[in-house]
Amino acid sequence: MADSDKNRINILKGYNLLLYFAGSMIMSEPTEECIIDFWATGSLKKLPISSSNHRFMIASALLRCSCEDKDLCRKTLSEDYYRLFEQNGLPMAPAFESLYVSNFNDSGKSVQSVSEFYESYGWKPKTKNSVPGDHLGIELLFLTRLVEMSLHLDDEPSHRELKKEIRRFIDQHILSWIPEWNKKVQESAHTSCYKGIGTLIHACVEDIYGFMS
């Protein structure tokens, strides 16, 4: 394998790790273990990859300076999580695609639903509390699975087609609403952590989209 291929694989694995982290932070309330894993150990001081994307650089700076008081961190993150995302309340930045986009494009044609996209790959998300499939955390998990698949395809035609599918998924089901969602996060989040996570998701998805061109 050429060094350039190894580098590309490592970079995409790095993006997947960041999306796993970010997705977990919007899917459920942060736990004590989460605080220890990502903040107390200093993991977020140095992200596994770097990017020239200005959004990525903003997110990196926000996450580096987040949770500086570990004793207050769990409390403030939990409060922000419920303020922004809690389904049973009045979330300020609900993370569901269906709240932001229509099932029809500008020409009035029906757009493939995210559930249909999952089904075309034989994938059925398993979540606690029956979270709908258009939740951002689930969409990000599916995206990481597609990216992982792309890393293991040897024949170029199949690899090329999967890259097109990844871009189509991002185009239709993530970048179609993430900018508006992230704007709500920036306006309503009280912690630099969640401001950073919203921007990190936006940046990582943009970067993966570019990688698949």
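FYI, it's all coordinate maths here, none of it is from the lab. What you are looking at is a predicted structure, and each value in this text was computed from that prediction instead of being measured. Cβ sites come from the backbone with ideal geometry, for glycine too, and all protein chains shown count toward neighbours.
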Exercise. What ³J(HN,Hα) values, in whole Hz, does the Karplus curve 6.51 cos²θ - 1.76 cosθ + 1.60 give for the range 191-198 when θ = phi - 60°, with x put for Gly and Pro?
Worked result: 10, 5, 4, 6, 4, x, 5, x
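Let me know the whole percent of all Cα-Cα pairs from the range 1-126 that are separated by more than 19 Å.
On the way: 5130 of 7875 pairs.
That tail contains 65 percent of the Cα-Cα pairs.
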For this session: Report the net charge of residues surrounding residue 159, where surrounding means a beta-carbon distance below 14 angstrom and charges are Lys +1, Arg +1, Asp -1, Glu -1.
Result: -2
Problem set entry | Note, ³J(HN,Hα) from phi for the range 72-84, Karplus 6.51, -1.76, 1.60, rounded to Hz, x at Gly and Pro | 8, 4, 4, 4, 5, 5, 5, 4, 5, 4, 5, 5, 8
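Within 10 Å, Cβ to Cβ, of residue 92, how many net charges do the neighbouring residues add up to if Lys/Arg are +1 and Asp/Glu are -1?
On the way: positive: 83, 184; negative: 80, 86, 187.
It works out to a net charge of -1.
Based solely on its DSSP helices, what 222 nm [θ] is calculated for the chain when runs of n ≥ 4 H residues each add -39,500 (n - 2.57) and the sum is averaged over all residues, nearest 500 deg cm²/dmol?
Values: 9 runs with 127 residues, N = 213.
Result for the chain, helices only: -19500 deg cm²/dmol.
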Seminar exercise, completed: The answer for the longest stretch of the chain without any exposed trypsin sites (Lys or Arg not before Pro) (DSSP loop, at most 16 further Cβ atoms within 10 Å) is 127-213
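When the Kirkwood hydrodynamic radius is evaluated over all pairs of different C-alpha atoms of the chain, what value in angstrom, to one decimal, is obtained?
On the way: mean 1/r = 0.0558 Å⁻¹.
After inverting the pairwise mean of 1/r, the radius is 17.9 Å.
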Problem set entry | Choice from 92, 149, 57 with maximal GNM fluctuation in the chain (Cα, 10 Å cutoff) | 149
For this session: Using Cα pairs closer than 8 Å and at least 6 residues apart in sequence, work out the relative contact order for the chain, in percent.
Result: 33
Seminar exercise, completed: In the range 27-103, taking the dipole from +1 charges on Lys and Arg beta carbons and -1 charges on Asp and Glu beta carbons about the Cα centre, the listed residue (94, 58, 43) farthest towards the positive end is 58
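Sort the range 1-51 into rounded, prolate or oblate with this rule: let a ≥ b ≥ c be the square roots of the eigenvalues of the Cα gyration tensor; rounded if a/c is under 1.5, and if a/c is not under 1.5, prolate when a/b is larger than b/c, oblate otherwise.
Judged from the Cα gyration tensor, the range 1-51 comes out prolate (a/c at least 1.5, a/b above b/c).
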Seminar exercise, completed: Expected vector for the range 144-153, Karplus 3J(HN,Hα) from phi with 6.51, -1.76, 1.60 and θ = phi - 60°, integer Hz, x for Gly and Pro, equals 5, 5, 5, 4, 4, 4, 5, 6, 10, 8
Exercise. Looking at the chain, which Cys residues are left with no other cysteine's beta carbon under 4.7 Å from theirs?
Worked result: 34, 65, 193, 204
